[in-house]
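The values are calculated or read from the model by the stated rules, or taken from the named source; none is laboratory data. It should be emphasised that the depicted structure is a prediction, and the values quoted were computed from it without experimental measurement. Neighbour counts run over all protein chains shown; Cβ positions are idealised from the backbone, glycine included. To get the accessible areas, we keep the full protein, side chains included, count just its heavy atoms, and leave off ligands, DNA and RNA. Shrake-Rupley method; radii C 1.70, N 1.55, O 1.52, S 1.80 Å.
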Amino acid sequence: MDGEIQLISDGDGLAVLGEPAAVETFLSSEGLESRELGLQRLGTALGAAAGVLQASSELAANSGRWVKMTKESAELVKRYGLMKSKATGLGLGVVQAKGGQIKGIVQFAKVPGAMITNPAVLSGAAGIMSQIAMQQAMDEISDYLAAIDEKVDDLLRAQKDAVFAAMIGVDLEIEEALTIRENVGRVSETTWSKVQATSATLKSTQGYALRQLDALADKVGVKGRLGDLADTLDEIEPKAREWLAVLARCFQLQDALALLELDRVLDTSPEELDEHRLGLKAAREQRLKLISQCSERLLARMATAAQTANPKVLLHPAASRAVVFSSNQLAAGVTDFNGTLGLKEVHRDWEAKRWTEAATELRDRALETGAEGATAVRRMGVETVGRAKTAKDRALDAGAESIDAARRMGNETLDRAKLFSDQLTNGLSGRVLRQRSQGSEEKY
């Protein structure tokens, strides 16, 4: 192992194994942040498995660091051309690092005693990598929940459904098991017996939260009054954020349970660790798929709402802006949630169309279509003025404090209508004169 860096990639992270100084040199040269892998646990967990006793001294003498798979670490994996194992799906490689210099990849056969050539050690290392990746994801969810300031425990306690009553108990049991594991260093049979049946409750809670989010998406109808749509979005935005928080906490606990499960398998059936790790990974990807479908549906409804509101800004300026604003707020919340879980981010902000921009577009279309378009525009102006007068009357009824605001609103609307009418009249007059001139030339 003199000066050799052994690399393991599972798609979620990269394990860097070797002598402490060589590992540190390698990570520094690549500019990668890392966390302790804790390979020493394998010596005790794997016990007297074939070939492990010989590797135990290597495990004790060498360092193992874990690097999250990012754009930079993925480029490193690609650059060193790790060989993918068909049996485990892991990318494997050995890099020569002597005299503080990284000299490139070498073949496994030229590295006698390499830990990654031992199936039991490799399987154990991959299991620990999965656990660290889960812990990293759990930490990111904790940061997300803290950032949006959602008290998930309070939300759960506020629910009357029996599913959530059970969820509170599961939360406490798993947190207790994690605390014991941190202090003891393993998951005993007693600890595992307390949490092994909690998976069903977590699945029920996840399904319930997804159904609630789907129901909120169904409420966002694009037919009917724009004001009703604005009110609906204003109502469901905080509710959607709460259900996303519950869903995030549920997903976090599912990762915690999988972490505990891998520990238990490592202790009791290390020969099954690879299959179990891959099975848990597939189940996690399926959960992410269900959540992604739900979040994409929400985002699609927000996009439709914003696209519906913008063309109506002339007649409903306040409601149109409110719809676009609420759509952006909710979509941003969904996007943050997706990013925390590692899902693809597809959201873009929708810009509320300005009243003057919409008026200008309508004027230009009227100039193109002639008198028929002019009639429609004039009708639009009359309706707009009428709405301004109605708003003014309501404000006057509300009291003296609103009089100035009502007058300003009425004056602004009348000024816009007058400007719009003048521009339209001038444009149409020029069009009529041109048409008359062309008609005279054709006559003679």
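Figures for the structure shown
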{"read-out": "Residue within region 240-258 that is of a type in the set (S, T, N, Q), buried (at least 21 other Cβ atoms within 10 Å of the Cβ) and at pLDDT 90 or above present", "value": "yes"}
{"read-out": "Hits in region 213-239 (condition: outside any loop (DSSP other than H, G, I, E, B), open to solvent by less than 60 Å² (accessible area, probe 1.4 Å) and free of Cβ contacts under 8 Å to residues at least 40 places away in the same chain)", "value": "215, 232, 238"}
{"read-out": "Residue selected from region 1-56 under the condition of a type in the set (Ser, Thr, Tyr) and modelled with pLDDT of 90 or more, by the criterion least open to solvent (accessible area, probe 1.4 Å)", "value": "9"}
{"read-out": "Residue in region 170-184 that is modelled with the highest pLDDT, counting only those that are β-branched (Val, Ile, Thr) and surrounded by fewer than 13 Cβ atoms within 10 Å (Cβ to Cβ)", "value": "179"}
{"read-out": "Single unsatisfied condition, residue 192 versus (1) open to solvent by 10 Å² or more (accessible area, probe 1.4 Å); (2) farther than 27 Å from residue 136 by Cβ; (3) touching a residue at least 12 places away in the same chain (Cβ under 8 Å)", "value": "(2)"}
{"read-out": "Members of region 19-37 that are within 21 Å of residue 119 (Cα to Cα) and out of contact with any Leu (no Cβ under 9 Å at 6 or more places or on another chain)", "value": "19"}
{"read-out": "Check on residue 97, assigned to a helix (DSSP H, G or I), touching an Asp or Glu at 6+ places or on another chain (Cβ under 9 Å) and either at negative phi or at pLDDT below 70 (or both)", "value": "no"}
{"read-out": "Region 162-214, residues that are β-branched (Val, Ile, Thr) and closer than 30 Å to residue 331 by Cα", "value": "163, 168, 201, 205"}
{"read-out": "Verdict on residue 292 being free of Cβ contacts under 8 Å to residues at least 24 places away in the same chain, farther than 17 Å from residue 138 by Cα and polar (S, T, N, Q)", "value": "no"}
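For (1) closer than 17 Å to residue 291 by Cβ; (2) charged (D, E, K, R), each residue gets a yes or a no:
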site: 204; (1), (2): yes, no
site: 214; (1), (2): yes, yes
site: 234; (1), (2): no, yes
site: 242; (1), (2): yes, yes
site: 253; (1), (2): yes, no
site: 259; (1), (2): no, no
